[in-house]
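*Asks:* Can you keep this structure in mind? I'll have questions shortly.
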Amino acid sequence: MKTIDSMKKHLPGALICLIEIAAGVILLLRPVGFTALIIIAAGILLALRGLADIIHYFHSTPSAAEKEQKLARGLIALLLGLFAALQSGWIVATFPVITALYGVAILIAGLYKIQFAADMLRQKKPGWQWAALSAGLAIIFAVIILLNPFSTTLFLWTFTAIGLIAEAIIDLILIIRHR
């Protein structure tokens, strides 16, 4: 029973790691196409969310609608979503800025991983070294991405994909060993 409960507990984390590995491999194989596809999918989801907010606005009482601001938020989400879905090429062209934001996100994740590794070490749990390694890699990749020493965006995509795959594999090892 304990093994099944442990597997259920760690399944979401393991699935995220597998998705990260798959995303990294696809990013290696088709960086521009994959990025455009993600942007289009996010745009469609954002536009749908905007439509839902607009519909919710008209189904709300006037006082509730005024407080929630669903019409304005819905219109903004709808327009941003349509822009992303229809102009993914423009967004791909701004990839260096997006990459910098990704670097910041990876840096923040790395700092949280330091907390996780420190907690494991203080509680004398095995495998804290894997968590520390993952944190270190995340911070190193983030710093490299933020300093952007690359001459081409394609190389930056390749580096990002390799970093994503490496971190996910280490996190997956940590999840498996930490069960």
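*Asks:* Counting every Cα pair in the chain, what percent are over 20 Å apart?
*Replies:* 64 percent
*Asks:* Leaving out ligands and nucleic acids, note down the accessible area per residue over the chain with a 1.4 angstrom probe, in whole Å².
*Replies:* For the chain, the per-residue accessible area is 63 Å².
*Asks:* On to the next question. What order do you get for 170-176, 82-88 when each peptide is scored by the mean count of other beta carbon atoms within 10 Å, highest first?
*Replies:* 170-176, 82-88
*Asks:* Taking 0.36 nm per intervening residue step and subtracting the Cα-Cα distance, what contour gain separates residue 105 from residue 59 on full extension?
*Replies:* Net length gain for the segment: 12.9 nm.
*Asks:* For the chain, take the longest principal axis of its alpha carbons; what is the angle in degrees between that and the long axis of helix 2-29, to the nearest 10 within 0 to 90?
*Replies:* Compared with the principal axis, the helix lies near 70 degrees.
*Asks:* On C-alpha positions alone, give me the angle between the axis of helix 153-178 and the longest principal axis of the chain, in degrees, nearest 10.
*Replies:* Taking Cα atoms only, the helix is inclined about 60 degrees.
*Asks:* Also, quick follow-up: At residue 16 and residue 140, where each label point lies 7 Å from the Cα along Cα→Cβ, what is the point-to-point distance in nanometres?
*Replies:* If labels sit at residue 16 and residue 140, their model points lie 2.3 nm apart.
*Asks:* If I stretch the segment between residue 123 and residue 90 completely, what's the gain in nm (0.36 nm per residue apart, minus their alpha carbon distance), one decimal?
*Replies:* Additional length available on full extension: 7.0 nm.
*Asks:* Positive end of the dipole of the chain, charges at C-beta (+1 Lys, Arg; -1 Asp, Glu), about the Cα centre: which of 19, 155, 178 has its Cα farthest in that direction?
*Replies:* Working it through, the farthest residue towards the positive pole turns out to be 178.
*Asks:* Can you classify segment 43-143 as rounded, prolate or oblate using the Cα gyration tensor, where a ≥ b ≥ c are the square roots of its eigenvalues, rounded means a/c under 1.5, and otherwise it's prolate if a/b beats b/c and oblate if not?
*Replies:* oblate
*Asks:* Contact order normalised by length for segment 1-117, with contacts defined as Cα pairs under 8 Å and 6 or more residues apart; what percent is it?
*Replies:* That works out to 26 percent.
*Asks:* Follow-up. Assign unit charges at the C-beta atoms only (+1 for Lys and Arg, -1 for Asp and Glu), then state the dipole size of the chain relative to its Cα centre in Debye, rounded to the nearest 20.
*Replies:* The dipole of the chain has a size of about 580 debye.
*Asks:* Also, quick follow-up: Roughly how tilted is helix 128-147, in degrees to the nearest 10 and between 0 and 90, from the longest Cα axis of the chain?
*Replies:* Orientation of helix 128-147: about 50 degrees from the principal axis.
The values are calculated or read from the model by the stated rules, or taken from the named source; none is laboratory data. Bear in mind the structure is a predicted one, so any value in this text is a computation, not a measurement. Note that each Cβ is placed from the backbone with ideal geometry, even for glycine, and that neighbours are counted across all protein chains shown. To get the accessible areas, we keep the full protein, side chains included, count just its heavy atoms, and leave off ligands, DNA and RNA. Shrake-Rupley method; radii C 1.70, N 1.55, O 1.52, S 1.80 Å.
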